[in-house]
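The values are calculated or read from the model by the stated rules, or taken from the named source; none is laboratory data. For clarity, every value in this text was computed on a predicted model and none was experimentally measured. Here the Cβ positions follow ideal geometry from the backbone for every residue, glycine too, while neighbour counts run over all protein chains shown.
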Amino acid sequence: MTLDRSRTDRDAATPHRDDRPVLESRRRRLVAYCRHNGERICRDTAVLVAWALVMTIWIRGFGVPRWLCYVVTFVGVVAYTQATTPWSRPYVSPDDFDAR
């Protein structure tokens, strides 16, 4: 993306094909974000809680040292977050333009 001096900062900061709306209200941004990513947030939470539960059962059932359970749980959470795509924003925040 090249910057054109004749355009405003807001126009220069957004790509030409970005059809996401600019939401001014923080409450509306939060609602839009939760609606857009709600299913992913619930799924990710369920997977991470299940992983922690499995690790807890594993440590109690097999007598594995507690520190190893923490390490394996942490590595599993990091691996999961690296393997999945990040949550996305269905809007453009006006705060993105103020940072310039």
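Taking the options V54, V75, V92, V71, name whichever one is at pLDDT below 85 and over 15 Å from the mean Cα position of the chain (by Cα). Give the steps one after another, and end with the answer.
On the way: V54 fails: at pLDDT below 85; V75 fails: at pLDDT below 85; V71 fails: at pLDDT below 85.
Testing whether each residue is at pLDDT below 85 and over 15 Å from the mean Cα position of the chain (by Cα) leaves just V92.
Does T81 fit the bill of being under 30 Å from P94 (Cβ atoms) and exposed (fewer than 11 other Cβ atoms within 10 Å of the Cβ)?
no
Would you be able to tell me the number of residues in segment 61-98 that are part of a loop (DSSP other than H, G, I, E, B), of a type in the set (S, T, Y) and under 18 Å from A46 (Cα atoms)? Steps first, answer last, please.
Quick first cut of segment 61-98, residues part of a loop (DSSP other than H, G, I, E, B) only: 63-65, 84-91, 93-94.
Remaining after also requiring of a type in the set (S, T, Y): 84-85, 88, 91, 93.
Keeping just the survivors that are under 18 Å from A46 (Cα atoms) gives 84-85.
Number satisfying all stated conditions: 2.
For V71, indicate whether it is surrounded by 11 or more Cβ atoms within 10 Å (Cβ to Cβ) and more than 30 Å from R26 (Cβ to Cβ). Full working, then the answer.
Working: surrounded by 11 or more Cβ atoms within 10 Å (Cβ to Cβ): yes; more than 30 Å from R26 (Cβ to Cβ): yes.
When the stated conditions are applied, V71 passes them.
Select from segment 29-42 the residues that are free of Cβ contacts under 8 Å to residues at least 40 places away in the same chain and surrounded by 12 or more Cβ atoms within 10 Å (Cβ to Cβ) and list them in ascending order.
Passing the criteria: only V31.
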